[in-house]
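Notes to accompany the following structure.
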Amino acid sequence: MRVVVPLPRRDYDPTEVAITWSELRAAGVDVAFATPDGAPSEADDIMLRPFGVGFAGPLLRANRAARAAYRRLTGDAAYRAPAAYASLRASDWDGIVLPGGHRARGMREYLESTVLQRFVADAFERRISVGAICHGVVVAARATSPPAGRSVLYGRKTTALTWALERSAWRVGRIARFWDRDYYRTYVESAGDVPGARSVQAEVTAALASPADFLDVPRDAPDYARKTSGLARDTADDPRPAWVVRDGSYVSARWPGDAHTFARTFAAVLSEAR
């Protein structure tokens, strides 16, 4: 099984990429990478520093397991030799993983790449398995299929980074990283916008057939508080904090705290397709 993970030139979330890579490799999946120009990508280094987010760094940055996975990832030959977006052909792959990140400096090029959006749209048209986590869901939301020009997510169930999680991290970051107050927001509302108008959840929801197709954790779900607090992350041994949505061959998740469960769910989808 061959999976490609498109990355921006820099500033992707190291947990969402490294944990997913590690879990897929453990499941026997061959993982390749792609960047806009075919040069190796660099993660958001703030997520790897002990106090990159000020006093909140130990809470908000990549945890020990993610940092260890990231060190292994950067030594991987496929990671060091990515393809260019323009060379990607959906028919060459069994699956695509769209990771996230939030730092506008690097992420906007990835989120706004029409080349990447066309590739993702073709993958959906060919019914190739697609996984998207956090801001990666925005890439899928922006990928459109002819002739209607609707998002490939139209008519599907999905989750993504919720406004509740995005807002919480933003609020903490505006204090802990006061010199870079919007570090946690890729797109920020303009004057007159309602709060959250430029959030991931708002954009993804607008691309769906119904707002009800955006699935957040229901209040009666087991471990609801653990899943929604933004303080607990899943691990290789504990999926309880995670919230992952599967719709056929499409898998989505909200944030780095879902990464283990997201990757394992996607690996199961790939195995079924094979």
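In segment 185-274, which GluC sites (Glu not before Pro) are in a loop and have at most 14 other Cβ atoms within 10 Å, using DSSP for the loop call? The partial results should precede the final answer.
Numbers: sites: E189, E203, E272; in loops: E189.
Answer in residue order: E189.
Subtract the Cα-Cα distance of D247 and S87 from 0.36 nm times their separation in residues, and report this length gain in nm to one decimal. Please list the in-between numbers first.
Numbers: separation 160, 0.36 × 160 = 57.60 nm, distance 2.79 nm.
Value of the extension gain: 54.8 nm.
What's the longest bit of the chain with no exposed chymotrypsin sites (Phe, Trp or Tyr not before Pro), using DSSP loop states and at most 16 other Cβ atoms within 10 Å as the test? Intermediate results must be reported in sequence, preceding the final value.
Details: sites that count: F51, Y154.
No qualifying site falls inside 155-274, the longest such stretch.
Decide, for segment 26-135, between rounded, prolate and oblate: order the square roots of the alpha carbon gyration tensor eigenvalues as a ≥ b ≥ c, take rounded if a/c falls under 1.5, and otherwise choose prolate if a/b is larger than b/c, else oblate.
Working: a/c = 1.99, a/b = 1.64, b/c = 1.22.
Since a/c reaches 1.5 and a/b is larger than b/c, the shape of segment 26-135 is classed as prolate.
Can you pull out the trypsin sites (Lys or Arg not before Pro) in segment 55-157 that DSSP calls coil and that have at most 12 other Cβ atoms within 10 Å? Let's see the in-between values first.
Numbers: sites: R61, R64, R67, R71, R72, R80, R89, R103, R105, R108, R118, R126, R127, R142, R150, R156, K157; in loops: R61, R89, R103, R126, R127, R156, K157.
Passing both the DSSP loop test and the Cβ count: R89, R126, R127.
Please give the FRET efficiency for L59 paired with L215, using the beta carbon to beta carbon distance and R0 = 45 Å, rounded to the nearest 0.05.
Values: r = 26 Å, r/R0 = 0.58.
In this case the efficiency is close to 0.95.
Counting Lys and Arg as +1 and Asp and Glu as -1, each charge on the Cβ, what is the dipole of segment 35-160 about the Cα centre in debye, to the nearest 20?
Details: 18 positive and 11 negative charges, 83 e Å.
In debye, rounded to 20, segment 35-160 gives about 400.
What whole-number distance in Å separates the alpha-carbon centres of segment 152-223 and segment 83-123?
A separation of 21 Å, based on Cα centres.
First select every other residue whose beta carbon is under 14 angstrom from the beta carbon of L208; then total the charges, Lys and Arg +1, Asp and Glu -1. Working shown, then result.
Values: positive: R142, R150, R156, K157; negative: E203, D213, D216, D247.
Charge balance near L208 sits at 0.
Rounded to the nearest 500, what is the 222 nm mean residue ellipticity of the chain from helices alone, with -39500 (n - 2.57) per DSSP H run of 4+ residues and division by all residues? Walk me through the intermediate numbers first.
Values: 11 runs with 100 residues, N = 274.
Rounded to the nearest 500, the figure is -10500 deg cm²/dmol.
Work out the FRET efficiency for F51 and A27 from their Cβ-Cβ distance, taking R0 = 45 Å, and round it to the nearest 0.05. Walk me through the numbers on the way to the answer.
Details: r = 34 Å, r/R0 = 0.76.
Efficiency computed from Cβ-Cβ geometry: 0.85.
For Y12, what charge total do you get from the other residues with a beta carbon under 10 Å from its beta carbon, if Lys and Arg give +1 and Asp and Glu give -1? Working shown, then result.
On the way: positive: R9, R10, R103; negative: D11, D13, E16, E42, D44.
Here the count lands on -2.
Run the simple label-point estimate for A68 and S229 please: 7 Å along Cα→C-beta, distance reported in nm.
2.3 nm
Percent antiparallel among DSSP beta bridges with both residues in the chain, to the nearest 5?
Numbers: 6 of 26 bridges.
The answer is about 25 percent antiparallel.
Taking the Cβ-Cβ separation of D237 and R150 as r and a Förster radius of 35 Å, what is the calculated FRET efficiency to the nearest 0.05?
For R0 = 35 Å, the calculated efficiency reads 0.30.
Assign unit charges at the C-beta atoms only (+1 for Lys and Arg, -1 for Asp and Glu), then state the dipole size of segment 122-274 relative to its Cα centre in Debye, rounded to the nearest 20. Don't jump to the answer; show the numbers that get you there.
Working: 22 positive and 18 negative charges, 20 e Å.
For segment 122-274, the charge dipole is close to 100 debye.
Using a 7 Å offset from the Cα along the Cα-to-Cβ direction at both T114 and S271, what is the distance between the two label points in nm, to one decimal?
4.1 nm
Determine the gain in length on full extension of the stretch E189-R105; use 0.36 nm per residue of separation and subtract their C-alpha separation, reporting nm with one decimal.
Numbers: separation 84, 0.36 × 84 = 30.24 nm, distance 1.66 nm.
Working it through step by step, the gained length comes to 28.6 nm.
Run the dipole for segment 37-89 about the Cα centre, Lys and Arg Cβ at +1, Asp and Glu Cβ at -1, nothing else charged, and hand back the magnitude in debye, nearest 20. Please list the in-between numbers first.
Working: 8 positive and 5 negative charges, 55 e Å.
The calculated dipole for segment 37-89 is roughly 260 debye.
Wrap a convex hull around the Cα atoms of the chain, take a quarter of its surface area, and give that in square nanometres.
Numbers: hull surface 55.3 nm².
Dividing the Cα hull surface by four gives the mean projection, 13.8 nm².
Laboratory data are not the source of any read-out in this text; all were calculated from the coordinates shown. The structure displayed is predicted, hence computed values, not measured ones. In this analysis, Cβ positions are derived from the backbone assuming ideal geometry, glycine residues included, and neighbour counts consider all displayed protein chains.
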